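*Asks:* Input: one structure, supplied below.
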Amino acid sequence: MNTFSSSAVVLTDTPARYISRLCKHFAHKIPVSFDEQQGRIEFNAGLATLKAEDQSLRLQVESASSDDLKRLQDVVASHFERFAWQEALTLDWQPD
């Protein structure tokens with residue numbers, strides 16, 4: 001099975017805060033696991049992972065189809081950007 005994936009990296013001093021906010025938000029409806037260093041969000045259409053790196057946050061989405069990948073990118077980006085409005089952060093997805 002082919003897997004489609006893409007990643008985005010944003011510079012931030014508070015990656016753990018965004019991991020927590022995104023994961024807690026989605027945990028009300030779908031399986032999620034997270035700590036201060038990483039998060040995993042299991043959508044029906046695929047998987048989103050978040051990882052705290054030095055002064056940044058790496059987000060990755062993967063799915064079995066390119067259409068589902070695009071949907072995941074849109075969903076994750078719209079929620080992330082809503083939570084990151086104070087820092088005016090946006091996601092620029094790059095194919096893996």
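*Asks:* Taking only segment 55-77 into account, find how many residues are more than 11 Å from the chain's Cα centre (by Cα) and closer than 20 Å to R21 by Cβ.
*Replies:* Residues that pass the stated criteria total 2.
*Asks:* Could you check segment 37-51 and list, in sequence order, the residues that are open to solvent by 20 Å² or more (accessible area, probe 1.4 Å) and of a type in the set (V, I, T)?
*Replies:* Residue satisfying the conditions is T49 alone.
*Asks:* Now for a separate question. Do we find that S56 is open to solvent by less than 40 Å² (accessible area, probe 1.4 Å), of a type outside the set (A, V, I, L, M, F, W, C) and either in contact with a Phe, Trp or Tyr (Cβ under 8 Å, 6 or more places away or on another chain) or in contact (Cβ under 8 Å) with a residue 40 or more places away in the chain (or both) in this structure?
*Replies:* It is true that S56 is open to solvent by less than 40 Å² (accessible area, probe 1.4 Å), of a type outside the set (A, V, I, L, M, F, W, C) and either in contact with a Phe, Trp or Tyr (Cβ under 8 Å, 6 or more places away or on another chain) or in contact (Cβ under 8 Å) with a residue 40 or more places away in the chain (or both).
*Asks:* Could you figure out which of (1) farther than 22 Å from D96 by Cα; (2) in contact with a helix residue (DSSP H, G or I) (Cβ under 8 Å, 6 or more places away or on another chain) isn't true of K24?
*Replies:* Here K24 clears every test but (2).
*Asks:* What are the residues in segment 59-74 that are open to solvent by 60 Å² or more (accessible area, probe 1.4 Å) and farther than 17 Å from L89 by Cβ, if any?
*Replies:* Passing the criteria: E62, S66, D67, K70, R71.
*Asks:* Considering segment 14-24 alone, what residues qualify as being under 16 Å from L89 (Cβ atoms) and either aromatic (F, W, Y) or open to solvent by less than 70 Å² (accessible area, probe 1.4 Å) (or both)?
*Replies:* Within segment 14-24, T14, P15, A16, Y18, I19, S20, L22 meet the criteria.
*Asks:* If you don't mind, there's one more thing I want to ask. Take the residues of segment 1-13 that are open to solvent by 50 Å² or more (accessible area, probe 1.4 Å) and more than 21 Å from A45 (Cα to Cα): which is farthest from the chain's Cα centre (by Cα)?
*Replies:* Selected residue: D13.
*Asks:* While we're here: Find all pairs meeting these conditions: Cβ atoms under 7 angstrom apart; at least six residues apart or on different chains; first residue within segment 77-96 and farther than 17 Å from F4 by Cβ; second residue open to solvent by 50 Å² or more (accessible area, probe 1.4 Å) and in a loop (DSSP other than H, G, I, E, B).
*Replies:* E81/T90
The values are calculated or read from the model by the stated rules, or taken from the named source; none is laboratory data. Treat the numbers as computed from the prediction; the structure is a model and nothing was measured. So basically every Cβ, Gly included, is an ideal-geometry build from the backbone, and we count neighbours across all protein chains shown. Quick note on the areas: whole protein, heavy atoms, side chains included, nothing else; ligands and nucleic acids left out. Shrake-Rupley method; radii C 1.70, N 1.55, O 1.52, S 1.80 Å.
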